[in-house]
Amino acid sequence: MTEPPQAPTAAQQAWRELTDQIRLHRAAYYLRDAPVIADGEYDALIRQLEALEARYPVLVTPDSPTQTVGAPPVTDFTPVRHREPLLSLDNAFNLGDLTAWAGRIEREVGSQMLGCEAKIDGLAVNLTYVDGHLVRGATRGDGRVGEDVTPNIHTIPTIPLRLATPSPPKVLEVRGEVYIAVADFERLNREMAAAERPLFANPRNAAAGSLRQKNPETTAQRPLSLLIHGIGALEWDDAVPHPEWSTQTESYASLREWGLPVPEDRILAADIEQVWDAIVERGKHRHDGAFEIDGMVIKVDDFAVQRTLGATSRAPRWAIAFKYPPEEVTTKLIDIRVQVGRTGRVTPFAVMDPVRVAGSTVRFATLHNRGEVERKGVLIGDTVIVRKAGDVIPEVVAPVVDLRQGDEREFTMPTHCPSCGAALAPAKQGDADLRCPNAEFCRAQIVERIVHLGSRGCLDIEALGYETAVALADPDAGRPEGAESEAAAPVLTNEADIFWLSAEALRDVEVWRADRDGRMERRLYFWSKPAKAKPSRPTQNTLLLIDQLAAARSRPLWRVLVALSIRHVGPTAARALGAAFGSLEAIRKATQAQLATVDGVGPVIAASIVDWFEVPWHRAICERWEAAGVAASQGDAPAVKRTLAGLTVVVTGTLSGFSRDGAKEAIIERGGKAASSVSKRTDYVVVGSGAGSKADKARELGRPILDEAGFEKLLAGGPDALN
Ligand code: IVH
């Protein structure tokens with residue numbers, strides 16, 4: 001049978017929808033540390049995509065989520081290319097999956113010793129030691145390029161700055177997981193509560209948020225730990241005697257001696273039965289250990305065999321992650337209510353009797369849409385099964401039908417917006433979701449837009465969290481029923497005036513926040529209580545908010561664009577638009593056709609932008625922001641031209657006008673790839689003073705070599721400028 005040259009349109013459509021969804025969830029998980037679906041649901045999406053691609057192999061692209069890991073970095077941290085990629089792992093969910101994996105290995109390379117170690121629920125980092133000194137710590141990023149978080153890594157006490165050996169490797173990359181131990185996490189959240197700061201949802205989010213702090217002093221306050229689970233690049237000085245590791249076990253022993261934390265309760269299994277015993281045994285004590293685990297990782301111990309088995313672009317063939325099934329508990333479903341999202345989408349969620357599951361108390365769970373409520377067959381008043389797959393987002397699994405009393409009732413989707421009362425309708429015929437069309441005045445939508453603009457991927461205003469946004473734009477919704485304070489007019493009627501907030505305007509604003517059991521507590525947040533001799537004064541948090549709003553005014557244009565909540569305009573499109581047009585004004589004036597020609601924009605986004613600017617209150621937001629000094633243009637610096645689009649450049653040795661990271665940044669900013677090793681695919685090799693083997697390699701392979709002046713020309717004008 002020959003392969004179909006093209007997949008049917010329906011399959012193409014399904015593929016696009018699945019990949020879009022997965023990318024969104026990856027961004028939510030990896031970039032914002034705020035996943036919106038449970039790990040189990042995410043895994044199910046990946047499996048659907050894998051099945052679709054298996055059926056229609058023509059659909060597979062190099063950047064399909066089945067071929068890639070994590071999410072590309074989009075933060076302010078400097079991008080760094082890992083010397084060797086950080087791969088992910090394929091998953092096994094049952095004994096059958098494991099047996100199939102082990103069977104493939106046995107057929108290919110015979111029976112093997114298998115290391116079984118905890119799968120730590122943290123975030124992957126890559127540490128680079130040169131001559132025994134820790135020179136860099138980076139996050140995983142997309143597996144190839146991560147974020148440079150060296151100053152933050154330096155604050156983690158268990159990470160040695162120098163390896164405890166007189167003869168270290170010339171270069172050693174170690175990979176591991178940064179995590180927060182359960183006891184430390186609980187203490188951290190108690191401290192956050194005492195400081196009236198939002199609590200972390202779980203240790204993983206706390207670790208990710210803490211590692212990616214822009215101020216290392218903040219990271220230093222957080223109880224981060226590390227466990228190493230692998231080695232990346234490794235170079236020895238041949239003149240120095242060094243260990244020859246033939247197994248992972250041996251490498252761990254050396255790393256341990258050198259002061260690096262490695263797994264201590266690892267088991268070496270001779271076959272899959274022993275692996276399974278280890279998994280079952282560990283599963284009984286899953287939540288008893290010092291740190292949260294979400295599974296076990298099984299690895300072929302022999303390095304030579306690892307090399308023979310190799311890897312796909314996504315994961316090694318010599319290792320697999322077994323994921324424990326999510327824990328399930330039962331509780332009472334008290335009510336089903338609806339919430340209104342940033343774009344007006346109305347989604348039902350479950351309100352339950354608080355119940356502990358997988359290490360935290362759960363009271364709410366999303367139900368996605370009315371179809372989901374029907375599919376699950378849950379009634380208000382039911383006893384329901386709840387789980388937290390991957391210890392993140394709680395979900396209602398199903399009702400326990402046998403426990404029904406007869407007084408349960410069906411949920412009916414409201415016909416009107418619970419926040420503003422507008423009639424709900426699908427955005428277009430046939431849509432499953434209902435929306436509130438009142439984007440201009442619906443306070444629930446305004447709150448969501450304000451939260452969005454303050455989020456890390458947007459204008460990054462840390463003090464503008466959810467409760468604060470509610471207090472500013474929808475105070476009645478924040479106040480619990482029966483609270484003694486008076487109804488108050490919101491300080492903000494939409495996001496237009498956000499940059500005009502003054503400490504004075506916040507004087508009477510009350511911030512309500514749920515305590516750990518979900519009860520609402522009032523916090524006198526913006527101004528202190530007047531005491532005898534002391535008049536009321538703005539609190540530290542108020543000053544922080546005002547300061548951060550001031551700083552947010554000079555964020556780059558692309559962030560401002562994302563902050564406007566224009567449909568379909570996320571960071572990628574916004575960056576491209578910012579670079580192409582240079583100012584908000586120029587984008588507003590551009591025609592749909594002009595917008596659509598920008599690389600990464602296209603007709604749908606272009607139409608959405610034109611539509612958005614046609615709305616008078618949208619334009620009013622832009623005007624108020626600009627009047628408040630929001631950087632609506634790239635400033636005097638002209639937009640950086642994408643002179644290196646599609647080119648791979650290696651910089652080696654020291655340049656006088658660029659730091660190493662500065663040179664990389666300059667390449668990436670212009671659309672190029674900053675590679676760290678020279679290959680046939682390298683387009684240019686920039687050679688500074690003291691360059692060594694890479695320059696030789698470039699000559700050997702006949703790759704074009706540039707000095708610093710040539711590099712500057714290349715940056716400014718692309719390859720044409722070199723002629
Ligand atoms: S080994 C070549 N061992 O889980 C890939 N990974 O879901 C080597 N993880 O990307 C990974 N604990 O970040 C390995 N004991 C462990 C781990 C572990 C947690 C993470 C790692 C990996 C991810 C895959």
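Please go through (1) away from the ligand (no atom under 16 Å from the Cβ); (2) in contact with a Gly (Cβ under 9 Å, 6 or more places away or on another chain); (3) open to solvent by 20 Å² or more (accessible area, probe 1.4 Å) for R140 and return the number of the only condition it doesn't satisfy.
(1)
Return a yes/no flag: does the stretch 194-203 have any residue that is within 21 Å of the chain's Cα centre (by Cα), within 14 Å of the ligand (Cβ to nearest atom) and buried (at least 22 other Cβ atoms within 10 Å of the Cβ).
Scanning the stretch 194-203, I find at least one residue that is within 21 Å of the chain's Cα centre (by Cα), within 14 Å of the ligand (Cβ to nearest atom) and buried (at least 22 other Cβ atoms within 10 Å of the Cβ), so the answer is yes.
Within the stretch 293-342, restricting attention to residues that are more than 16 Å from the ligand (Cβ to nearest atom) and of a type in the set (D, E, K, R), which residue is farthest from D407 (Cα to Cα)?
Result: R342.
Taking the condition in a loop (DSSP other than H, G, I, E, B), within 31 Å of the chain's Cα centre (by Cα) and on the phi > 0 side of the Ramachandran plot, does D460 pass?
Yes; evaluated as a whole, the condition is true for this residue.
Could you list, in sequence order, the residues of the stretch 231-244 that are within 16 Å of the ligand (Cβ to nearest atom) and more than 13 Å from K299 (Cβ to Cβ)?
G232, A233, L234
From the list G406, G371, which residue is of a type in the set (G, A, S) and either closer than 30 Å to F303 by Cα or in a loop (DSSP other than H, G, I, E, B) (or both)?
Sole residue among the options that is of a type in the set (G, A, S) and either closer than 30 Å to F303 by Cα or in a loop (DSSP other than H, G, I, E, B) (or both): G406.
Identify all residues within the stretch 345-366 that are open to solvent by 20 Å² or more (accessible area, probe 1.4 Å), in contact (Cβ under 8 Å) with a residue 24 or more places away in the chain, assigned to a strand (DSSP E or B) and not hydroxyl-bearing (S, T, Y); write none if there are none.
Listed by number, the residues that qualify are R345, P354, V355, R356, R363, F364.
Those residues that are of a type in the set (V, I, T) and either touching a Pro at 6+ places or on another chain (Cβ under 9 Å) or open to solvent by 20 Å² or more (accessible area, probe 1.4 Å) (or both), I need them from the stretch 426-469; list them, please.
I446, V451 - these are the residues of the stretch 426-469 that are of a type in the set (V, I, T) and either touching a Pro at 6+ places or on another chain (Cβ under 9 Å) or open to solvent by 20 Å² or more (accessible area, probe 1.4 Å) (or both).
Please go through the stretch 1-42 and give me each residue that is touching a Phe, Trp or Tyr at 6+ places or on another chain (Cβ under 8 Å), modelled with pLDDT of 80 or more and either part of a loop (DSSP other than H, G, I, E, B) or open to solvent by 20 Å² or more (accessible area, probe 1.4 Å) (or both), ordered by number.
Within the stretch 1-42, W15, Y42 qualify.
Out of all the residues in the stretch 78-87, is one or more more than 15 Å from the ligand (Cβ to nearest atom), in a strand (DSSP E or B) and of a type in the set (S, T, Y)?
Checking the stretch 78-87: not a single residue is more than 15 Å from the ligand (Cβ to nearest atom), in a strand (DSSP E or B) and of a type in the set (S, T, Y).
Is there a residue being in contact (Cβ under 8 Å) with a residue 40 or more places away in the chain, within 30 Å of E440 (Cα to Cα) and open to solvent by less than 50 Å² (accessible area, probe 1.4 Å) anywhere in the stretch 588-610?
Taking the stretch 588-610 as the starting set, the residues that turn out to be in contact (Cβ under 8 Å) with a residue 40 or more places away in the chain are 599, 608-609.
Restricting the remaining residues to those that are within 30 Å of E440 (Cα to Cα) gives 608-609.
Adding the requirement that they be open to solvent by less than 50 Å² (accessible area, probe 1.4 Å) leaves 608-609.
Checked against the condition, which is being in contact (Cβ under 8 Å) with a residue 40 or more places away in the chain, within 30 Å of E440 (Cα to Cα) and open to solvent by less than 50 Å² (accessible area, probe 1.4 Å), the stretch 588-610 yields at least one hit.
I'm checking my understanding of the structure. Among residues of the stretch 92-116 that are within 15 Å of the ligand (Cβ to nearest atom) and surrounded by fewer than 18 Cβ atoms within 10 Å (Cβ to Cβ), which one is nearest to the chain's Cα centre (by Cα)?
My answer is F93.
Failed condition for R575, given (1) in contact with a His (Cβ under 9 Å, 6 or more places away or on another chain); (2) open to solvent by 30 Å² or more (accessible area, probe 1.4 Å), with all others met?
Here R575 meets the rest and fails (1).
Residue by residue, here is whether (1) in a loop (DSSP other than H, G, I, E, B); (2) buried (at least 17 other Cβ atoms within 10 Å of the Cβ) holds:
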{"position": "P151", "(1), (2)": "no, no"}
{"position": "T165", "(1), (2)": "yes, no"}
{"position": "V174", "(1), (2)": "no, yes"}
{"position": "E191", "(1), (2)": "no, no"}
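Just to be sure I understand the filter: pairs with C-beta atoms under 7 Å, separated by 6 or more residues or on different chains, first member in the stretch 613-632 and free of Cβ contacts under 8 Å to residues at least 12 places away in the same chain, second member open to solvent by less than 30 Å² (accessible area, probe 1.4 Å). Which pairs pass?
Nothing qualifies.
Taking the criterion of being part of a helix (DSSP H, G or I) and open to solvent by less than 40 Å² (accessible area, probe 1.4 Å), would at least one residue in the stretch 314-324 satisfy it?
no
To keep it simple, each residue is scored yes or no on (1) among the small types (G, A, S); (2) over 25 Å from the mean Cα position of the chain (by Cα); (3) at pLDDT 95 or above.
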| position | (1), (2), (3) |
| --- | --- |
| L524 | no, yes, no |
| A550 | yes, yes, no |
| R555 | no, no, no |
| A574 | yes, no, no |
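Could you pull out the residue among I228, I279 that is in a strand (DSSP E or B), within 16 Å of the ligand (Cβ to nearest atom) and either within 32 Å of the chain's Cα centre (by Cα) or aliphatic (A, V, I, L, M) (or both)?
I228
Listed here are the residues, each with its yes/no results for (1) touching a residue at least 40 places away in the same chain (Cβ under 8 Å); (2) open to solvent by less than 50 Å² (accessible area, probe 1.4 Å); (3) assigned to a loop (DSSP other than H, G, I, E, B).
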site	(1), (2), (3)
F499	yes, yes, no
D508	no, no, yes
R513	yes, yes, no
S536	no, yes, yes
L549	yes, yes, no
R555	yes, no, yes
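Sort out which residues of the stretch 376-397 are modelled with pLDDT of 85 or more, within 20 Å of D39 (Cα to Cα) and open to solvent by 30 Å² or more (accessible area, probe 1.4 Å), and write them in order of number.
K376, I385, R387, V397
Look at E186 and say whether it is of a type in the set (D, E), outside any loop (DSSP other than H, G, I, E, B) and modelled with pLDDT under 90. Before the answer, list the steps.
Numbers: of a type in the set (D, E): yes; outside any loop (DSSP other than H, G, I, E, B): yes; modelled with pLDDT under 90: yes.
Judged against the criteria, E186 is a match.
Scan the stretch 205-218 and tell me whether some residue there is more than 16 Å from the ligand (Cβ to nearest atom), in contact (Cβ under 8 Å) with a residue 12 or more places away in the chain and crowded, with 21+ Cβ neighbours inside 10 Å.
Looking through the stretch 205-218, at least one residue is more than 16 Å from the ligand (Cβ to nearest atom), in contact (Cβ under 8 Å) with a residue 12 or more places away in the chain and crowded, with 21+ Cβ neighbours inside 10 Å.
The values are calculated or read from the model by the stated rules, or taken from the named source; none is laboratory data. This is a predicted model, so every value here is computed, not measured. Cβ atoms come from the backbone with ideal geometry, glycine included; neighbour counts cover every protein chain shown. Heads up: the accessible areas ignore ligands, DNA and RNA and are worked out on the full protein's heavy atoms, side chains in. Shrake-Rupley method; radii C 1.70, N 1.55, O 1.52, S 1.80 Å.
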